[in-house]
Every structure is written in structure tokens, then in C-alpha cells.
1. For the range 167-197, name all the residues that are within 18 Å of residue 27 (Cβ to Cβ) and either touching a helix residue (DSSP H, G or I) at 6+ places or on another chain (Cβ under 7 Å) or assigned to a strand (DSSP E or B) (or both).
2. Name the residues in the range 116-157 that are buried (at least 16 other Cβ atoms within 10 Å of the Cβ) and not in a strand (DSSP E or B), would you?
3. Restricting the search to the range 56-99, which residues are assigned to a loop (DSSP other than H, G, I, E, B), surrounded by 14 or more Cβ atoms within 10 Å (Cβ to Cβ) and touching a helix residue (DSSP H, G or I) at 6+ places or on another chain (Cβ under 9 Å)?
4. Could you tell me which of the residues 78, 97 is outside the structural domain of residue 142 (by TED's automatic domain parsing) and at pLDDT below 90?
């Protein structure tokens, strides 16, 4: 197959990719406590696929696992809703009947030894777009979700050196910041420049109202 030289020096972010940017802010391990009774809580957003999110919610010493609903920059799971603007601080609201409580959460820092390929890689040209999300890596197995020109595939990819491959799609990066995604287009192969999405950090704390974060 021929390689099409389509590496972009400047990314154009499509509305669909912009949504992935904001949703990626929600991924991670959030910890904090309710403001009313100071009960510690933890919410892990393991993965996001469209309007569904795999979450683990720990409170009162036990953990609930299941599927939450994604709406913009918020996730609802049972009686709780979490929202974030910057991917660092979040507000969580618990609501059951007339009982309501809020909590301020902080995302746990990513371990420094985490593989540089873990993260959401996003890029587009005038005619093509790609998002390659490496959720986690264990040995040579990588949990991957990739979307190429609107078609999404989720599965276990293979890690080799600085490249993760899922089917005929692969992402490569030397520095963990800039990289390339290669995927088939017709009878040819396209290489697209991508950048890992990094949430912007601000000094402002999370608002106690989830609605303001949506």
C-alpha cells in the first residue's frame, strides 16, 4: 500500500473532536469528601464511549461499578453527578429525593512511570479526522478506543516500543506529546499528525454546583 504524505503541521479541531477533548477531562481517579459530613468518596471514570461511561464509585466503605450517562462535561451515575471544566478539579452532587449533598473532588495525579502513549490522541486534516484513545496499558496489552472519520472501534491493542496497534490503525509517539496515527483509506494508508490532549490547569477551585460546569 502507498503512503499518502498527509502529515499536518497544524491541527483543525472538528466539533466531534472538541467533544472528545472535554469528555477526556472526566477520565481518571477523582477523590474528595462531601462538604456536609466530610465522608470520603472516590469516583473512577475508567472509560468513555459516546454517551456511556464505565465508572467505579466508592463511598461508605463499598464500591459500586456500572455504566454512567455522559452529557457534555458531566457524568450521571445513580444518585450522583460529576462535572469538571479543567480536568483537575470537579464538583459532585448527590441527590436522592429531598436529600442533597455536594463535594469538591480533585483528580489524582497520573503516575510518572505511566506509558507516554496513554491518553487521547487527536488530529484532523481538511478531509480526514482521527481520535486514538489509549485508556491503559498492561504489559503489551493496551485498552484502546479509536475513531476514524466517524467510525469507532474499541478493543485490546498491541504495544511494541513506541507504537500501539489496533487492527489496521496505530498510534506512535517518541515524546508522549506529538505523534502520528496511521490508518487505511481505500487502498492506501494515511498518516495524520496528532497531539495528545492535556487538560488545562487553573488555580480556581471547583464550583459546588454541577450545573455551572455543564
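The values are calculated or read from the model by the stated rules, or taken from the named source; none is laboratory data. These numbers were taken from a predicted model, which means no experiment stands behind them. Using ideal geometry, Cβ is built from the backbone for each residue, glycine included, and neighbour counts are taken over all protein chains shown.
1. 171, 194, 195, 196, 197
2. 117, 118, 125, 128
3. Going residue by residue through the range 56-99, those that are assigned to a loop (DSSP other than H, G, I, E, B) are 60-61, 72-73, 78-79, 85-88, 97-98.
Restricting the remaining residues to those that are surrounded by 14 or more Cβ atoms within 10 Å (Cβ to Cβ) gives 73, 79, 85-88.
If the condition is that a residue be assigned to a loop (DSSP other than H, G, I, E, B), surrounded by 14 or more Cβ atoms within 10 Å (Cβ to Cβ) and touching a helix residue (DSSP H, G or I) at 6+ places or on another chain (Cβ under 9 Å), then 73, 85, 87 are the ones that fit.
4. Every option except 97 fails the conditions.
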